[in-house]
Each structure stands twice: as structure tokens, then as C-alpha cells.
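What follows is a short report on a single structure.
The values are calculated or read from the model by the stated rules, or taken from the named source; none is laboratory data. Note that the structure is a prediction, hence the values are computed from the model and not measured. Glycine gets a Cβ as well: all are built from the backbone with ideal geometry, and neighbour counts include every protein chain shown.
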Amino acid sequence: MSAKRKIMITIASIVGVILVALCAASAYLYTVVSVPNHKSFLSNDKITRNNPLYSNQQWFLKAKKQRWYETSASGNLKLDAYYIQAAQKTNRTAIIAHGYMGNKDQMGVYAALFHRLGYNVLIPDDRGQGDSQGDYVGYGWPDRRDYIKWMHKVIAHNGTNTKLIMFGVSMGGATTIMTSGEQDVPHQVKAFIEDCGYDSITNELRYEAKQLYHMPTIPFYPIEPMVSLINKVKNGFFYGDGNALKQVAKNHRPTLFIHGSDDHFVPTKMVKPLYDASKGPKQLLIVKGATHADSYQHRKQLYEKTVKQFLNRYVK
């Protein structure tokens, strides 16, 4: 065998090994980011008696909850939700979106907030999470279409004079922003409130790859599109499709943006471009000293006052 042929075989072998390694790494990362299962990097801290939100959680545990069901926008998944009727009959309903690997039971403290403000509350489980069907996490992108269906369900239940607001935290915040840019958001939706949502799925995954795995951008680059391709084949969308910044630029409804100043999971720097891009009336609250999804607990009175004043201004 000639020296040239040996070199070519060696190069081909090296390329083959690299491709196998990239495929294995991509499959592993897809499982980490998109398959619903236990995530060691997520906190499951319980709300204790000394937590400012303890009374909210206790109310939620005792609250009378109806089980509502809906079919996903893709038509193949059964989705599950809680509906909590307001203490006094009202045409106002708050729809709440939970975070990554969360569920409706984890949003009780926010349900209590809106219920005290006189709202009915609907809290769905997103695809693949809680009691909803599905084997992947959509990061808010396919879910935005599901929330449009939930909105119509509330309108059908409560009447065409319904007034809706949508609220979400973390992934739920991004879901809220992504929903805001849809052309067919019902006119009954009067405002959006997002807390610590990311500007795009891709940017958030890149950030977390660096934070959790200390993976620099350059080595991550060939893996990222492969993981996204796996998601496209399995779930019908590229991660790059889920761009909250582009979506909010199409939004003309009032929007309140909330973010903790010390958020190192969805970096605080993401919120200002989102705020700037929104075309409707808007307000920005940066909660000093708050970490990720911690703004309500960190400054309970400020959080409640800001939300109340914002809604009183735009939901008449």
C-alpha cells in the first residue's frame, strides 16, 4: 500500500471517529435539553414557612380546581390544565405558563396573586410536562399555538366579553412573548406579563452549554445544528425557529417585562432587547438582587404592586 493511500485511510478514519463522536454528543445533548426527565441542574426547593410566598402556596393547595383538557395545536396530544374560578364572578382570566420541566402545581404562588386581584386562573401543563402528553420539551415554540387554543377555550367558557391576560415565568416567560407575536391572538387578550424569559431558544441553549458544561462556542458550533436537526426530525421545528425577540417585535399589546438583576440562568442582559423590540405600551421592572425566577419571592410587595398597577392601567 502506498504512503499516500495510508494517509488517506488514516484521515478517513479520523474523520469517521469525529463524526461518530459528534453524533453521540448530539444525541446525548438532545436528551439533556429536550427529553422530559430529571434534570440535576434544576432546583426543587420546597416553599417553607419562612418563605414570603408560603401563604400563597397554602391557598393554592386548598383552592378548588377544575380539570380542563385541550388538544394540542398539532392535534395529537392531550393537554391538561387547572382552572380556578375567581371568588367573585368576573370576565377576567389570567392564563399562566410554567417554566422548563415545570408543571401547573409549581405555579400556585402566581395563581394566588392573580386570584387575589380578582381573576379566574387557568394553568396548563405544556407538552411533555406535568399531566400533558408528549415526549419532548418545546421551549415555548410549539406551545405558543397551544396557548392560542387555551385562550379560545376560556372565551368559549366565559363568553365573548372575556378579558384575558397571559403571564409566564422563565420558559413560560419566553412562551408568553412568543405567543404575543402570533397574528391570531384573540382580541380578548389585553396584556402580557413575562418574568425572566429568554430571547431565543438557541441563545439560551448556547448560554447553558457554556454555564453547565463549560463548553466554548467554537466546539459547540458543530454540535448545535446537529441537535437542532434531531429536534426537527423528531418534533417538527428547529431550535432557531423559537425566536422570542422576533415574535415580540410583532406585538402591539401592553407588556410588562420583569427580570432579576442577578439572573445567571437566563441572563439579565436578554430582557432589554426584548423590551425595546415590543411595539405596544410597555414597562420594565429589574428586581435588584433577584436571581432566576426569584423576583416575586425576593421583593414580594414590589412585585405585587407593579403587576396590580400595570393590569389596572390596561385591563379596564
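Against the test of being among the β-branched types (Val, Ile, Thr), touching a strand residue (DSSP E or B) at 6+ places or on another chain (Cβ under 9 Å) and either over 30 Å from residue 73 (Cβ atoms) or modelled with pLDDT under 95 (or both), the options 268, 255, 217 yield a single qualifying residue, 268. Among the candidates 210, 269, 305, which residue alone is within 18 Å of the chain's Cα centre (by Cα) and not aliphatic (A, V, I, L, M)? 269 is the lone residue from the list that is within 18 Å of the chain's Cα centre (by Cα) and not aliphatic (A, V, I, L, M). The set of residues in region 220-247 that are modelled with pLDDT under 85 and either assigned to a helix (DSSP H, G or I) or under 19 Å from the mean Cα position of the chain (by Cα) (or both) comprises 220, 223, 224.
Only one of the numbered conditions (1) more than 24 Å from residue 190 (Cβ to Cβ); (2) of a type in the set (A, V, I, L, M); (3) in contact with a helix residue (DSSP H, G or I) (Cβ under 8 Å, 6 or more places away or on another chain) is not met by residue 293, and that is (3). Scanning region 63-78 for any residue that is out of contact with any strand residue (DSSP E or B) (no Cβ under 6 Å at 6 or more places or on another chain) and farther than 22 Å from residue 152 by Cα turns up at least one such residue.
Being of a type in the set (Val, Ile, Thr) and not in a helix (DSSP H, G or I) is the filter here, so list the residues in region 172-190 that pass it. Even if it seems obvious, please write down each step before you answer.
Quick first cut of region 172-190, residues of a type in the set (Val, Ile, Thr) only: 175-177, 179, 185, 189.
Residues satisfying the conditions are 185, 189.
Taken together, the residues in region 257-270 that are out of contact with any Leu (no Cβ under 7 Å at 6 or more places or on another chain) and either farther than 12 Å from residue 290 by Cβ or part of a loop (DSSP other than H, G, I, E, B) (or both) amount to 9. Pairs are defined by a Cβ separation below 8 Å, a sequence spacing of at least 6 or placement on different chains, a first member in region 206-234 that is under 19 Å from residue 35 (Cα atoms), and a second member that is at pLDDT below 70; the pairs so defined are 206/217; 206/220; 209/215; 209/220; 212/41; 223/22; 226/22; 226/23. Do we have residue 280 as surrounded by fewer than 16 Cβ atoms within 10 Å (Cβ to Cβ) and touching a strand residue (DSSP E or B) at 6+ places or on another chain (Cβ under 7 Å) here? The answer is yes for residue 280. Scanning region 60-85 for residues that are among the aliphatic types (A, V, I, L, M) and either over 21 Å from residue 149 (Cα atoms) or not assigned by TED's automatic domain parsing to the domain that holds residue 135 (or both) yields 61, 63.
Here is a check on your reading of the model: is residue 222 over 23 Å from residue 245 (Cα atoms), buried (at least 24 other Cβ atoms within 10 Å of the Cβ) and not aliphatic (A, V, I, L, M)? I'd like the intermediate steps shown before the answer.
Values: over 23 Å from residue 245 (Cα atoms): yes; buried (at least 24 other Cβ atoms within 10 Å of the Cβ): no; not aliphatic (A, V, I, L, M): yes.
So residue 222 fails the test.
If you go through region 271-316 and keep only what is among the acidic types (Asp, Glu), assigned to a helix (DSSP H, G or I) and farther than 18 Å from residue 244 by Cβ, you end up with just 304.
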